[in-house]
There are 2 protein chains.
Amino acid sequence: MATSVTPVRGMRDFLPAEKERREQAIAIIRSSFASFGYQEIETPALEDVARLTSGLGGENEKMIFAVLRRGLDPAAPLLPRNAVDLGLRFDLTLPLARFVATNAGVLGDVSRVMQIAPVWRAERPQKGRFRQFMQCDIDIIGEPSTLGESELIVATSAALRALGIKDAYVRLNDREILYGLLEACGLDQPLFDRTLIVVDKLDKIGVDGVATELTTKLGVSDQSATALRRLLEQFADRDQTDTDGILALLPATVPTAARERMIAIRDAVTTGDERIQLRLDVSLVRGMGYYTGPIFEIGHPASSSSVAGGGRYDRMIGRFLRRDIPACGFSIGFERILDLLDLPEDAQAGVALLYDDTCPTGRLLQAQVALVEAGYKVRLVRAAKRRATQLGRLYEDGIRFIVRAADIQDVTRLPLSPLTPPRPGIE
Amino acid sequence: MATSVTPVRGMRDFLPAEKERREQAIAIIRSSFASFGYQEIETPALEDVARLTSGLGGENEKMIFAVLRRGLDPAAPLLPRNAVDLGLRFDLTLPLARFVATNAGVLGDVSRVMQIAPVWRAERPQKGRFRQFMQCDIDIIGEPSTLGESELIVATSAALRALGIKDAYVRLNDREILYGLLEACGLDQPLFDRTLIVVDKLDKIGVDGVATELTTKLGVSDQSATALRRLLEQFADRDQTDTDGILALLPATVPTAARERMIAIRDAVTTGDERIQLRLDVSLVRGMGYYTGPIFEIGHPASSSSVAGGGRYDRMIGRFLRRDIPACGFSIGFERILDLLDLPEDAQAGVALLYDDTCPTGRLLQAQVALVEAGYKVRLVRAAKRRATQLGRLYEDGIRFIVRAADIQDVTRLPLSPLTPPRPGIE
């Protein structure tokens, strides 16, 4: 055995306090999404590796944990690509598209679907990045209009509010606005997607960095790079809540349909829930290449990266089903919101049932069952010699009442003593 | 793309109704275990493959989904065993032992731990066997006495009761009773574990089958096989609730300590909760080789296999930590209990907000938010032409109220109409 025993690189054990917090947050998200009519589904953690690497996952396809075929000849060497047949999913959207294709016969015309589940990516481990992490997604399948995006934004905003996260704001854009901007700068369509990957780094490398990288790495002309730099600078100075003002500034290469989508979503969302703050940010890219229309994120002043992200992907399900079905989705970055939570305390009071070797085990368990049925959370605890230290730890661990098993005369009348916070400096 | 789009072989998609039932059951189990003082933890789905194949997992080690190393040279052929470094866990006990070794410094002397999570086994797909399935485990780490086993049995029985599962009974045995029986039949210790694998098939192949397999496959003498057959027949006829009677029949080769453990657990469990039915079944084996003392299962008249199983494994954590820590655990076979559940209906009423193209989206979303805040589960539904069919489906799907968006005058006073069960034979 190894001398140091650690979890797999980039993955985490969760101790009880952290796990409880995570489950509490998941329960709130699940209940909030259910209230907005989303029905939860589940897909297996593994998918065929050929499906995972079909070009829809962008950079994530390079980070797949691939699974060795079963039943291989242990003595026959083979190439890595021939050794694998399955892979752990890197997101919940691609498995959902496969799910919709598999179950198309039993799903209705429009489905509102929720998924809360782990995904795996073999990323270089770094602060805040993990190789197994949770995603909480809602998706609307079969709705072609901006009602879909609007519903997703209202429901996700409500879920974050239910988690006690205040001051969140929505950033909205559209893939066709981005394409229109690139076209106005004289860029060629074959370069659009690679250009957007560079524009996506705007927050990190700034306008100058973007312009430099476009000319040096992609061979974009100085003229086009300068034009794009001017456009980005112009929009960076604008008040992003002034949707109409920003739309008026967009070049004629941006299609009317994209402008109308932005107005429709803004009107629906802000009428639907006036607490939602909406910003039109024409530099918002969103990494995934499969988006086809509106894209959106939720930002928060206390988080440097977005806390939720999504968009419309009308052409993904068709890859599996051979006929396109319009779809859009929104995903909460679960690991990113954990620091922002403001959760209520556990309402169920904790009781420690303190025992020593003189207590008959049967009597002890009888008392535990009676207290559980009275609504308490009951832990059996062997009484320690350093009693004050022990009680202090129990208090920190959420215990609010003590029952000494030695004092029990009658399990129908258990002597609960309140446990008070430990006084500092004792022992 | 493949013409038929299916989940990975042996794994399942869960549609909303089934997923809801599963999550409802999980929430009940989680809450019930928490009431009995178990604290939930989580470990990653992946562990080092060397740890998973260290000999503690028995047959399960042959069913590991192993993960290809990252960063391999795509052009260099290699042997399967050199291609992998990680594997998906096949149970929750081995990862727990690793977790205890990793986190020994921060865990208390005695930990009561709960895990509810999926595991993966590349089993031959067959009815009721899946390659990804859920386990719900509780374990007590650091408790050497039979208080541990007794607590586990009381808490697991309560969880099954909370799920509406009645008529469950506990089967109890001890590894040392099994060894004592084999010794009494003149078997040699090196053959014990392989013999028990055969005895474990008793339910399927009967006493004769066991005796035949022992002589033909393991080379056990006719005399020993006959002696074991007689013992098994003798105990098969006994009333298993008569613990004292059965213990009195055991040969002298069964150590006193094992007999005392059976009595201690019986007394503690039946005093602790008199609803628990306990049976002493000296032919109970439990598959896993890592058990060191008491072993137990929960059976149910409506289930051919056990619905929960566990035991004491005092020497497993030492494999990782280099010092033994006593431990015992009990695992609910989640997939097996799903058919036995009797769950309450969803208490939150479902509302369908019926709209058509004349309804402004913002107003629709405003009505949805208002209804959600009033405590309803609200789904937006485009009104269909075949209205009676649509309403019938909505009723089946849990919807109990309808609001027609076209009738909304004021979102603070929404016109809810109750939805009645569809009348058969209409349309």
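The values are calculated or read from the model by the stated rules, or taken from the named source; none is laboratory data. Bear in mind that the values here come from a model prediction, so they are computed numbers and not experimental data. Neighbour counts run over all protein chains shown; Cβ positions are idealised from the backbone, glycine included. These accessible areas exclude ligands, DNA and RNA; they are computed on the full protein's heavy atoms, side chains included. Shrake-Rupley method; radii C 1.70, N 1.55, O 1.52, S 1.80 Å.
List of remarks:
- Residue order for A:GLU23, A:GLU274 - accessible surface, 1.4 angstrom probe, largest first: A:GLU274, A:GLU23
- Computed over the stretch B:261-356, Kirkwood Rh from alpha-carbon pairs, angstrom: 16.9
- Here chain A has 48 percent of its accessible surface on carbon and sulfur atoms, given a 1.4 Å probe and all protein chains in place.
- Converting the Cα gyration tensor eigenvalues of the stretch A:350-418 into ellipsoid dimensions via √(5λ) gives semi-axes, longest first, of 18, 15, 9 Å.
- Of the three principal axes defined by the Cα atoms of the stretch B:162-220, the extents in descending order read 47, 24, 14 Å.
- Restricting the GluC sites (Glu not before Pro) of the stretch B:326-392 to loop positions (DSSP other than H, G, I, E, B) with no more than 14 neighbouring Cβ atoms within 10 Å leaves B:GLU345.
- Those trypsin sites (Lys or Arg not before Pro) in the stretch A:118-153 that DSSP places in a loop and that have at most 16 other beta carbons within 10 Å: A:LYS127
- Taking only the Cα atoms of chain A, the ratio Rg/Rh comes out at 1.08, with Rh defined as the Kirkwood radius.
- Expressed in Å, the radius of gyration and Dmax of the Cα atoms of the protein assembly as shown are 30.4, 97.
- Relative contact order, whole percent, for the stretch A:169-299 stands at 51, derived from Cα pairs under 8 Å and 6 or more residues apart.
- Per-pair calculated FRET efficiency, R0 = 51 Å: B:ARG413 and A:ALA252 via Cβ, rounded to 0.05: 0.65
- Take the Cβ atoms of B:GLU373 and B:ARG322, set R0 to 41 Å, and the FRET efficiency comes out at 0.15.
- Point-to-point label distance, B:GLU260-B:ASP193, nm (Cα→Cβ direction, 7 Å offset): 2.8
- Once A binds B, the 1.4 Å probe can no longer reach about 8100 Å² of accessible area, counting both sides.
- Peptide A:112-121, shielding by other chains (average Cβ, 10 Å cutoff): 2
- Enclosed volume per residue, in Å³, of the convex hull spanned by Cα atoms of the stretch A:3-71: 187
- Above-threshold pairs, the threshold being 22 Å between Cα atoms, out of B:LYS19/B:LYS377; A:LYS62/A:LYS127; B:LYS127/B:LYS201; B:LYS19/B:LYS385: B:LYS19/B:LYS385
- Percent breakdown of C-alpha pair distances by 5 Å bin, ordered from the shortest bin, for the stretch A:169-299: 2, 11, 22, 24, 20, 12, 6, 2, 1, 0
- At R0 = 45 Å, FRET efficiency that the Cβ-Cβ distance of B:THR216 and A:ALA388 yields, to 0.05: 0.10
- Amide N of the stretch B:299-318 lying under 18 Å from the label point, which is placed 7 angstrom from the Cα of B:ARG21 along Cα→Cβ: B:302-305, B:307
- Per residue of peptide B:78-87, the mean number of Cβ atoms on other chains within 10 Å of the residue Cβ is 6.
- Spin-label zone in the stretch A:178-203 - amide nitrogen under 15 Å from a point set 7 Å from the Cα of A:GLN223 along the C-beta vector: A:183-188
- Anchor B:LYS204: aspartates and glutamates whose Cα lies under 13 Å away (excluding residues fewer than 8 positions away in-chain): B:GLU213
- For the stretch A:115-227, the fraction of C-alpha pairs more than 16 angstrom apart is 73%.
- Annotation: per residue accessible area for chain B equals 44 Å², rounded to a whole number [probe 1.4 Å, protein chains only].
- Each of the peptides A:358-367, B:149-158 was scored by the mean count of other Cβ atoms within 10 Å over its residues; in descending order, highest first, they stand as B:149-158, A:358-367.
- Inter-label distance for B:ARG275 and B:THR420, nm, one decimal - labels placed 7 Å from Cα along Cα-to-Cβ: 3.9
- Restricting the calculation to Cα atoms, the stretch A:37-116 shows an Rg/Rh of 1.08 when the hydrodynamic-style radius is the Kirkwood one.
- Dipole in debye (nearest 20) - the protein assembly as shown, about Cα centre, beta carbon charges: Lys, Arg +1; Asp, Glu -1: 860
- Per-residue mean of foreign Cβ neighbours for B:57-70 is 4 (Cβ atoms of other chains, 10 Å radius).
- The label-point distance for A:LYS62 and A:ASP242, in a model that sets each label 7 Å from Cα toward Cβ, rounds to 4.0 nm.
- Once the Cα gyration tensor of the stretch A:234-302 is diagonalised, semi-axes √(5λ) in Å: 18, 16, 15
- Helix-only [θ]222 nm of chain A, DSSP H runs n ≥ 4, -39500 (n - 2.57) each, per residue, nearest 500: -11000 deg cm²/dmol
- Packing-based order for A:53-62, B:394-403, using average beta carbon neighbours within 10 Å, highest first: B:394-403, A:53-62
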